[in-house]
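Scroll down for the structure; my scribbles are underneath it.
Any read-out appearing in this document is the output of simple, stated calculations on the displayed coordinates, not a laboratory observation. Everything numeric in this text was worked out from a predicted model, so none of it was measured. Positions of Cβ are backbone-derived with ideal geometry, glycine not excepted, and every protein chain shown enters the neighbour counts.
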């Protein structure tokens, strides 16, 4: 009987060990959800990054502007710099909820995008937001003025479905208010909206803006 007991104990140890180790499928799934910058490094939570187009031929990186239709505005609008040589501003991508303790961004995370403290006389919050996605028809522009982890500031980074350059890690941004507690169900693709020659980020129902991450020093 003793060999059978030992065999049973060994079987239990194998089962417990196997259950405590991550499966190959889980590891592969996590790798697929990982977000990378243009150098192939993992994108960090709460660290400054420039974001811009895959091919810098029709404009530069994303930045803030305090002017719309030749008038000063507050909060600021999020736009693409017209000069392809400019990287724009840098932004911090902060993970929401319990994910806030994690080191790297995954495409399964919801996040808030922080512009820091905008310069000048505009003292509204620096988080990106789309506050009126149900109030009126598109377009709905991305502006600053939001607070951390609210429905109006709830975004997700997703892998771009058909990358322009397959070997480059490119992404799209979605606005997902219901994931942070309120708002319409589903997510809204963030696109480039051309208005009077200026390229704004926002929801318009058109193809999403494809971008890459570049670490800021």
- Item | Overall dimensions of the stretch 135-217 by Cα: Rg and Dmax, Å | 13.7, 40
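Averaging sequence separations of C-alpha pairs under 8 Å and six or more residues apart, then dividing by the length of the stretch 91-197, give the relative contact order as a whole percent. Please list the in-between numbers first.
Numbers: 190 pairs, mean separation 22.0, N = 107.
Reported relative contact order: 21 percent.
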- For q = 0.10, 0.14 Å⁻¹, what log10 I(q)/I(0) does the stretch 35-215 give under the Debye formula with an equal point scatterer on each alpha carbon and no solvent? -0.34, -0.71
- Query: With labels modelled as points extended 7 Å from the Cα through the Cβ direction, what inter-label distance (nm, one decimal) is found for residue 100 paired with residue 198?
  - Reply: 3.2 nm
- Message: Can you order the peptides 71-83, 185-197 by their average number of other Cβ atoms within 10 Å per residue, highest first?
- Response: 71-83, 185-197
- Message: Taking 8 Å as the Cα distance limit and 6 or more residues as the minimum spacing, I'd like the relative contact order of the stretch 35-215 as a percentage.
- Response: 24 percent
- Note on the structure: Convex hull around the C-alpha positions of the stretch 56-140: the volume in Å³ per residue is 162 Å³
